[in-house]
Each structure stands twice: as C-alpha cells, then as structure tokens.
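Worksheet: one structure, shown below.
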Amino acid sequence: MEKKKILFVCVENSNRSQMAEAFAKIHGRDRVEVFSAGSRPSGIVNAKAVAAMHELGYNLSKHTSKSLQQVQSEAPFDVVVTMGCGDACPWMPARQFIDWEISDPRDLPASAFNNVRDEIERKVKDLLASI
C-alpha cells in the first residue's frame, strides 16, 4: 500500500499544524508521509505546543517551523489541510483540500491550549480513518 502524503498548513507553523503533523505521525504510523508548513512561519515551534505534546509523550521540540516553499518539493499531496490561514494559504497541488476552522491557541492558557490540542487530535484521527 502506498503511503498517503498529507500537508498541514497554518499561519506560523508553530502550533496547530505542528501538533497535527505529530498526531498524524503517531496515529498514521507508516501509512502516511506527513509535513507541516506556515504561510508566514514564525521560525520557532511554540513552547506551549512542545509542552502540550510532551504531556502525551511526543517530543515536538525536534520539529522546525517551515515555510510552504520549504515543503513545495514534496508536492503533490494526497491531502492538504489548512487551519485558519484563510486567503494567506496559497494553493498547493493536492487531490483533496480540507479547511479546519481552528483558532490559533498561541495566547491561550494551558488548559484551553490543551483543548485545542485535543480537538486537533480528534480531527487527525477522523482524517486518517477517511483516507
């Protein structure tokens, strides 16, 4: 079976898309090839995202914040999932496009941040079950 290629995109590639990439790697294992990027990457992975994923046993500190240009060579993708970047998310070659309306948790307290993390995990699990 050929691996499905998934790209998760948000604005900064420091929170939502990073956690989505991690969950797709955790739950998709060897069935998927996963990437994340930002329309305006911050250059860092948010320490809150690192801490939130650490609570679940995943080391997000090894991830890096990337631009869309840095992952463009991996196209075409089977699925591109955008998260709240709206018109700032340029087109990327893919078979399927999905937009998840997920607010940026960057400035939220830890408990609310973790609620967003958990919502992302649920959505990633549903996505993986559908492809």
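Laboratory data are not the source of any read-out in this text; all were calculated from the coordinates shown. Note that the structure is predicted; figures quoted are calculated from it, not measured. Here the Cβ positions follow ideal geometry from the backbone for every residue, glycine too, while neighbour counts run over all protein chains shown.
Farthest toward the dipole's positive end in the chain, which of Phe23, Asn59, Met83, given Cβ charges of +1 (Lys, Arg) and -1 (Asp, Glu) about the Cα centre? Value: Asn59. Each of Ser73, Val11, Ala110 was scored by the projection of its Cα onto the charge dipole of the chain, and the greatest displacement toward the positive side belongs to Ser73; charges sit on the C-beta of Lys, Arg, Asp and Glu.
Near the amide H of Thr82, within less than 5 Å, lie the amide hydrogens of Val9, Ile98, Asp99, Trp100, all on another chain or at least 5 residues away, with H placed in the peptide plane. Sequence neighbours fewer than 8 away in the same chain don't count; with that in mind, list the lysines whose C-alpha is under 16 Å from Lys4. The reachable lysines, counting only those whose Cα sits under 16 Å from Lys4, are Lys25, Lys125. Among the helices of the chain, none built from whole DSSP H runs has Cα atoms reaching 18 Å or more along its own axis together with a mean Kyte-Doolittle hydropathy of at least 0.0. The charge dipole of region 1-115, taken about the Cα centre with unit charges on the Cβ atoms of Lys, Arg (+1) and Asp, Glu (-1), comes to about 300 debye, rounded to the nearest 20.
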